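Q: This is the structure I have questions about; it appears just below.
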Amino acid sequence: MSAALSAPSVSSALTVQGRVISALILREVHTLYGNTRLGYLWAVIQTAFNIAVFWGFRELMGAYAPHGMSMAVFLLCGFLPWYVFSDTLNRCMRAVSANQALLTFPQVTELDLMLARTIVVWGTQILSAVIILSVAVACGQSIALRAPASLAATLFFAPLLGLGMGLVFASLARFQPTLDKLVPMCLRILFFASGIFFQISELPGRLAHILLLNPIAQLIEWQRYGFSASSSAPLYSIGYMAAWCMGSLCLGLLLERYVRGREIR
């Protein structure tokens, strides 16, 4: 009897939370891009501009993309995981402070706000990547996807890692507000140390192993392996990246539950 009664309640609760997150996603998209004339296209322009800048520098230096990749694919495989991770982390950290009014509704939780922002970032960057790759193909760039599973896995791990680290730092920032300023500074350092515009596997062994302690660098190496024509052994560990994702998510969810409802300093 009790089991029969509990099943509909669980189902209805999930339905309500699904509707809440859907509404938050629509609100997030409108808030981020609804106030500009270019709208959602602005997200594509930002990513394309960064790729074009580094592409231009590499062309001037006479550098070429390794392992048979085109330069557009090489740079996109660096920027895509990075933007998914860093934008998710940053927006999760600001989710609660930017949406205090929504938390007065009992159906909306702090975790819902972060999940909605994660989905928006993930969808935006994937759409940007598809458009940029389509333009690259139209311009004559060669694109060969060697391992579709690698691409799919990295697009799964990157938002999970961003959400997990976002949960951790957003919760800790309740006790140490200076983290709101320190985390973006650390991300700027990681931007240059994650192999976004260079190939870590081409560096000396000792330096490469140090840089690969960064899980984002491994995600980028893994995604490039999916487009690479080389048969050389890849420099990444799926277990290492999975441990980072699961560890940060578990710790982040515990901290989020602990600080839920506390005032932001």
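Q: How would ILE196, ILE126 rank on accessible area, largest to smallest, probe 1.4 Å?
A: Ranked list, largest accessible area first: ILE126, ILE196.
Q: Full-extension gain between ALA63 and SER22, please, as 0.36 nm times their residue separation minus the C-alpha to C-alpha distance.
A: Full extension from ALA63 to SER22 adds 10.3 nm.
Q: How compact and how long is region 53-96, expressed as Rg and Dmax of its alpha-carbon atoms in Å?
A: Cα-based Rg and Dmax for region 53-96 come out at 14.4, 46 Å.
Q: HIS30: accessible area at probe 1.4 Å, nearest 10 Å²?
A: It works out to around 120 Å².
Q: If you don't mind, there's one more thing I want to ask. From the phi of every residue in region 215-220, what ³J(HN,Hα) in whole Hz does the Karplus formula 6.51 cos²θ - 1.76 cosθ + 1.60 yield, where θ is phi - 60° and glycine or proline is x?
A: 3J(HN,Hα) across region 215-220, in whole Hz: x, 5, 4, 5, 4, 5.
Q: Between the helical axis of 238-259 and the dominant principal axis of the chain, each derived from Cα atoms, what acute angle in degrees is found, rounded to the nearest 10?
A: So the helix axis and the longest Cα principal axis differ by about 30 degrees.
Q: Could you tell me what fraction of 2.2 N^0.38 Å the Cα radius of gyration of region 155-265 comes to, as a two-decimal ratio?
A: 1.23
Q: Subtracting the Cα-Cα distance from 0.36 nm times the residue separation, let me have the gained length for ILE126 to GLN46 in nm, one decimal.
A: 27.5 nm
Q: If you average over every viewing direction, what projected area does the convex hull of the Cα atoms of the chain give, in nm²?
A: Its average projected convex-hull area is 17.2 nm².
Q: Amide H of ARG146 versus every other amide H placed in the peptide plane: which residues, excluding those fewer than 5 positions away on the same chain, fall under 5 Å?
A: Long-range HN contacts for ARG146: PHE227, SER228.
Q: ILE119 accessible area, nearest 10 Å², 1.4 Å probe?
A: Taking all protein chains as shown, ILE119 has close to 80 Å².
Q: Between GLN100 and ALA13, what is the label-point separation in nm under the 7 Å Cα-to-beta-carbon projection?
A: The modelled label-to-label distance comes out at 2.9 nm.
Q: Additional query: Using only Cα atoms and rounding to the nearest 10 degrees, what angle (0 to 90) does helix 110-138 make with the longest principal axis of the chain?
A: Around 30 degrees separate the two axes.
The values are calculated or read from the model by the stated rules, or taken from the named source; none is laboratory data. Remember, it's a predicted structure, so these values are computed and weren't measured experimentally. Quick reminder, even Gly has a Cβ in these numbers, built from the backbone with ideal geometry, and neighbours come from all protein chains shown. Keep in mind that these areas ignore ligands, DNA and RNA; they rest on the heavy atoms of the full protein, side chains included. Shrake-Rupley method; radii C 1.70, N 1.55, O 1.52, S 1.80 Å.
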